[in-house]
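Beneath this line is the structure, given in structure tokens, with notes to follow.
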Amino acid sequence: LLTRTELFRQLNAGEFKELFSEMQKRTLAEGEVLYQQEDEGHSMFVCLEGLLSSSVETEEEGYVKVRTIRAGQYFGEGAILGDQRRKTTITTNTEVLLYEITSEALEPKLEQHTELRDQLQASASESVDEVKRMVEQAVKDKAAKPVVKRKTAMQKVAQAFFPGMFEGGEEKKDK
């Protein structure tokens, strides 16, 4: 699967073998956090098996899910391109097998294959745009969602004993 991954298609067999020898295989359990938003990063990852979630934390909305990462997809490429801070938090949804590629291991290949660097830059830019879109959508969804006032236990008991007195949360006034 690794050799068929879009990321490595531009490398010949020898270049891939050289890069593969420097990759670190990692297995993570369900629910593990691979990295947190704002962590310093110097590597990217390729998912071989499992599912991961990418999310961002905002002051207004809390955690907002950005995307699901599946087998064959890569992520974290911003760290390879010089952006040292992670833009999202990555959490496993299932048990996951992935490979970590450090910037030191990939840099020589990026110098030899400018189209590979261009591909990573386009992907990183698309990821940033996706984060912005998902946060904007979460804000819109929250604004459109009606605020539901929950009844207290006492209100529920009173309504059970006096069903005609409460309608829509407001007391009826009969005179």
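General remarks:
- Stokes-Einstein translational diffusion, region 1-61 - Kirkwood Rh over all Cα pairs, 1.567 mPa s, 4 °C, in µm²/s: 90 µm²/s
- Carbon + sulfur, % of accessible area of region 1-106 - ligands and nucleic acids excluded, 1.4 Å: 43 percent
- Of the residues Phe8, Thr68, Gly164, the one whose Cα sits farthest towards the positive end of the charge dipole of the chain is Gly164 (charges of +1 on Lys and Arg Cβ, -1 on Asp and Glu Cβ, taken about the Cα centre).
- Scanning residues 5 or more positions from Ala71 or on other chains, those with amide H under 5 Å from its amide H are Gly50, with H placed 1.01 Å from N in the peptide plane.
- In Hz, Karplus ³J(HN,Hα) per residue of region 76-87 (6.51, -1.76, 1.60; θ = phi - 60°; x = Gly, Pro): x, 5, x, 5, 6, 8, x, 7, 6, 9, 5, 8
- Inter-part distance where region 89-107 and region 28-73 are each reduced to a Cα centre, Å: 10 Å
- Sequence-separation-based contact order of the chain, relative, with Cα cut under 8 Å and 6+ spacing, percent: 25 percent
- About its Cα centre, the dipole of region 59-106 is roughly 140 debye, where the only charges are +1 on Lys and Arg Cβ and -1 on Asp and Glu Cβ.
- Estimated 222 nm signal from helices in the chain, with DSSP H stretches of n ≥ 4 weighted -39500 (n - 2.57), rounded to 500: -11000 deg cm²/dmol
- Rolling a 1.4 angstrom probe over the protein heavy atoms with all chains in place gives the chain an accessible area of 65 Å² per residue.
- The order of the peptides 121-134, 12-25 by mean Cβ neighbours within 10 Å, most packed first, is 121-134, 12-25.
- Taking the square roots of five times each eigenvalue of the Cα gyration tensor of the chain, the equivalent ellipsoid has semi-axes of 50, 17, 12 Å, listed largest first.
- Choice from Lys109, Lys142, Lys151 with maximal GNM fluctuation in the chain (Cα, 10 Å cutoff): Lys151
- Under 5 Å between amide hydrogens, built in the peptide plane, is the criterion, and for Leu34 it picks out Ile90, Thr91, Thr92 among residues at least 5 positions away or on other chains.
- Accessible surface of Glu60 - all protein chains present, 1.4 Å probe, nearest 10 Å²: 120 Å²
The values are calculated or read from the model by the stated rules, or taken from the named source; none is laboratory data. Just so it is clear, the model here is predicted, and its values are computed rather than measured. Every residue, glycine as well, gets a Cβ built from its backbone with ideal geometry; the counts of neighbours run over all protein chains shown. Areas reflect the complete protein model, heavy atoms only, side chains present, ligands, DNA and RNA absent. Shrake-Rupley method; radii C 1.70, N 1.55, O 1.52, S 1.80 Å.
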